[in-house]
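*Asks:* Take a look at the following structure, please.
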């Protein structure tokens with residue numbers, strides 16, 4: 001089973017960050033995605049969808065420091081549905097993306113981020129994809145080491 005959401009859009013507001021009594025940090029914000037298409041009469045139409053994003057712990061702290069209203073952002077996470085009661089006792093339902101990774105797509109010229117769409121050593125990616133410890137500090141060789149293990153020859157790709 002897979003529950004994975006990938007969104008690229010613009011922040012609708014600055015992240016709202018709260019620190020809970022147990023010490024956990026949570027950030028909430030919305031992003032807008034746009035879809036452009038031609039209608040039956042040939043006119044261009046734009047459809048904007050709003051997505052509620054929730055981030056926890058160190059990811060929430062990074063969002064607080066790096067993200068601002070209007071910035072383009074790449075977000076990965078999972079789709080969740082919650083039910084809750086409002087102040088009047090009415091049952092409510094909401095759909096959110098609980099993010100486990102984000103990347104600001106703002107240009108460096110704006111001074112608000114990185115112009116690259118690819119992860120860097122500064123990113124926190126689930127599963128340990130990139131970290132400062134995984135980046136080689138010795139740049140004397142531009143080639144990756146070659147494995148002498150013959151078992152790799154059996155791979156179909």
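Only the coordinates and a few stated rules stand behind these numbers; no lab work does. Predicted model, so just to flag it, every value in this text is computed and none were measured. Every residue, glycine among them, receives a Cβ derived from its backbone with ideal geometry; neighbour counts consider all protein chains shown.
*Asks:* Just a yes or no: is a residue in segment 55-76 loosely packed, with under 10 Cβ neighbours inside 10 Å and assigned to a strand (DSSP E or B)?
*Replies:* Scanning segment 55-76 turns up no residue that is loosely packed, with under 10 Cβ neighbours inside 10 Å and assigned to a strand (DSSP E or B).
*Asks:* Out of segment 35-54, which residues are in a strand (DSSP E or B) and surrounded by fewer than 10 Cβ atoms within 10 Å (Cβ to Cβ)?
*Replies:* 35, 36, 37, 38, 44, 46, 47
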